[in-house]
Ligand code: ARG
C-alpha cells in the first residue's frame, strides 16, 4: 500500500467522471503538502484542467471532490482551487499494519531488475588508503546496499590500483631492507614506509630515481624477483585493507584491480589504433575526438584562449607502458561482456571528472552503448581551517588513524553518558559509535559538498548524528525489556487505533520510509535517507513524550507498542542500508 500512489489513482478516476479532457495524465500529480495543517497531500489538477475546459477552477475542484471515491482521505478546497487531502487515522493505521507485517517494511521493489556494478573504494596498493578514499568506500557500500534492497543485482568490485609507478619505488626500497616483522603485523604501514623512503630518496638523488624506474621496467618485463615482490605487496595490502573493511563493515564480490587487465591491454590498443580512434602524438599513443559532438560537449576538446583545441587521452605512454585510461577501457569491456552489466557506477573523486567523461565517450564510440556508465562524484573533506584535511605533520591522514581518533572521541562520550556496566561493554560501544559516526557524517552530507571533519560534533548525542539515532533506537527497544514475554508474543497490529496527533504523526513518518529509500538512487543521495531517519527519530521522541506507553491500556497500549516496535525496525533497517549497525543498549 502506497498512500500517495493510491490517492492519485482515486483522483484520476474522479477526474474521468467529471468528463474534462486530460491531455497528459502523467502531469496529474499528488504532492506532499507544505503545511500539515491543511492536509497531507495536495493537487492542483483542477487549476490545470479548468482553463482549457473553460470552467471555473474552484467549481471543477468541487465537482472532483464530490465524485472522489476514496476511503483514504478527507478533502477540502483551498485558494483558487487546490484540493487538499487529509489522510484519515484509519488509513494511517492500515498502513502501519501492512508495513509491520511486511519483511521489506514497505520499501518498493523495482519493476525491472538490472545488473549494476559498483566500482568503489579502489585505493592504490602500496600507497595507503587515505581519508579521500573514505568517501568512496562509504558511499559505494551504501548505494550498493540500497540498489540490492530495491531489487537490483549488485556486483561490488574493488578496482584497486595494483599496477603502476609506485611499484618501482617500493621494490627499490624493499631490496634496501624490508622489515618482515612489521609486514606481518602492520602491512599497510610498512609498505607506506618503503614507499616514502624511496620517494624521499629519489627526490634528492637522480641515481636513485633512475634505479626505481629500472625496477619498474624489470617488473613490467616480467622479472621473476620483482614479480615476487610485487605479488607479496599486493597480497599484504589486501590483508591490511581487509582489516579496515572489516572494521567498516564493507565487503566486495570482486577485487579485479588494474593488473587483472594487463593481458587485454595490448590487443585493445592495437584495435584502437587500427580502427582509427588513436594515433601517435609526441611519442605517445593518444585517443582523439570523434568529431561528432559540438566542442562544448566534447570531452576530447578544450578551450584555450578562446580557441577549441584537442585534449587527447593517452593510452600508451612514450616508454611503451599502458596506463589508468587503457585499463579502464578494458574494464568496461569486461564488465559488459563477462558480467552483462546494465550499469556501472564509479564512485570517485570529482577531480577525475574529465577522465570519466572521456572514458564514457570512447566507450560509446566503441559500441558499448548498451551499458549505462555513471560517474558518482564527491567533494573534499576539510579540516577545521577550511582547507583539505591534513595531519599535523602535513600528510594526508590515514583512514585507520582517523577511525582510531573517532573511537577515542566516542569513548569519552561513552564514559560520561553510558549506562553500560563493564569497561569491555563500553569499549565495544565506543568502537561502534566512533566508526559509525564517521560513516553517518559522510553520508549525511550532500556528496558534492565539502564538509568540515569535526570529531567531537559527530560523536555527540545531540544533533544530527549517528549516536542520536542509536539513542532513539535503544529508547524504542527499551520498553520491550519491561514487558512480559507473553505480551510481546501476543502483540498484533491488526486492530490498532490512532487517536493522538503524535501517534498520527509517527505513523505518517513511518509511511514515508519506502519512498525515502527509493529516492536515494534518483541522484545518488544517501543524505536524503539520513535526513529522513533523523526526522523519524525526532517524531518518535515527541510521540514517546506525549503518549505514555506502559501506563496505557487495551488498544491504546497495543497501538503504542506497535508504533515503538515499527519505529525501531525502520530505524535499524534504514541504518543498515547506510551500512550502519545499531547497539541494543547504550
Ligand atoms: N585507484 C584510483 C584512485 O585512487 C581510483 C579507481 C577508480 N575506479 C576506476 N575504475 N577508475 O584514484
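Please go through segment 158-177 and pick out each residue that is without any contact (Cβ under 8 Å) to a residue 40 or more places away in the chain and within 14 Å of the ligand (Cβ to nearest atom).
None - no residue of segment 158-177 is without any contact (Cβ under 8 Å) to a residue 40 or more places away in the chain and within 14 Å of the ligand (Cβ to nearest atom), so the list stays empty.
The conditions are (1) touching a helix residue (DSSP H, G or I) at 6+ places or on another chain (Cβ under 6 Å); (2) part of a loop (DSSP other than H, G, I, E, B); (3) more than 16 Å from the ligand (Cβ to nearest atom), and residue 145 fails exactly one of them. Which is it?
Status for residue 145: all satisfied but (2).
Just the residues that are within 15 Å of residue 12 (Cα to Cα) and surrounded by 13 or more Cβ atoms within 10 Å (Cβ to Cβ), please, taken from segment 24-40.
Result: 28, 29, 30.
Only one of (1) more than 16 Å from the ligand (Cβ to nearest atom); (2) within 23 Å of residue 317 (Cα to Cα); (3) touching a strand residue (DSSP E or B) at 6+ places or on another chain (Cβ under 9 Å) is not met by residue 214, so which one is it?
For residue 214, the failing item is (3).
May I ask you to list the residues in segment 563-584 that are surrounded by 19 or more Cβ atoms within 10 Å (Cβ to Cβ) and not in a helix (DSSP H, G or I)?
578, 579, 580, 582, 583
Considering every residue within segment 98-117, establish whether at least one is crowded, with 22+ Cβ neighbours inside 10 Å and within 16 Å of the ligand (Cβ to nearest atom).
There is at least one residue in segment 98-117 that is crowded, with 22+ Cβ neighbours inside 10 Å and within 16 Å of the ligand (Cβ to nearest atom).
Out of the residues in segment 118-142 that are within 10 Å of the ligand (Cβ to nearest atom) and in a strand (DSSP E or B), state the one that is modelled with the lowest pLDDT.
It comes out as 130.
Looking at residue 228, is it assigned to a helix (DSSP H, G or I), more than 16 Å from the ligand (Cβ to nearest atom), surrounded by fewer than 19 Cβ atoms within 10 Å (Cβ to Cβ) and at pLDDT below 95?
No: the conditions fail for residue 228.
What's the total number of residues in segment 358-375 that are within 20 Å of residue 135 (Cβ to Cβ) and out of contact with any helix residue (DSSP H, G or I) (no Cβ under 7 Å at 6 or more places or on another chain)?
Adding up the residues that qualify gives 1.
Please pick out the residue among 460, 476, 507, 502 that is on the phi < 0 side of the Ramachandran plot and assigned to a loop (DSSP other than H, G, I, E, B).
After applying the criteria, what remains is 460.
Quick one: how many residues across segment 518-536 are out of contact with any strand residue (DSSP E or B) (no Cβ under 7 Å at 6 or more places or on another chain) and under 22 Å from residue 344 (Cβ atoms)?
Result for segment 518-536: 8.
Quickly run through segment 315-328 and pick out the residues that are in contact with a strand residue (DSSP E or B) (Cβ under 8 Å, 6 or more places away or on another chain) and either within 20 Å of residue 152 (Cβ to Cβ) or surrounded by 19 or more Cβ atoms within 10 Å (Cβ to Cβ) (or both).
Across segment 315-328, the qualifying residues are 315, 316, 322, 326.
Within the group 300, 288, which residue is at pLDDT 95 or above, away from the ligand (no atom under 14 Å from the Cβ) and crowded, with 20+ Cβ neighbours inside 10 Å?
300
Of the residues that sit in segment 329-352 and are within 13 Å of the ligand (Cβ to nearest atom) and in a strand (DSSP E or B), which one is surrounded by the most Cβ atoms within 10 Å (Cβ to Cβ)?
Applying the filter and picking the extreme gives 347.
If residue 73 passes every condition in (1) at negative phi; (2) crowded, with 20+ Cβ neighbours inside 10 Å; (3) within 16 Å of the ligand (Cβ to nearest atom) but one, which one does it miss?
Answer for residue 73: the failing condition is (3).
The values are calculated or read from the model by the stated rules, or taken from the named source; none is laboratory data. The model shown is predicted, which means the values in this text are computed figures rather than measured ones. Note that we place each Cβ from the backbone using ideal geometry, even for glycine, and neighbour counts take in every protein chain shown.
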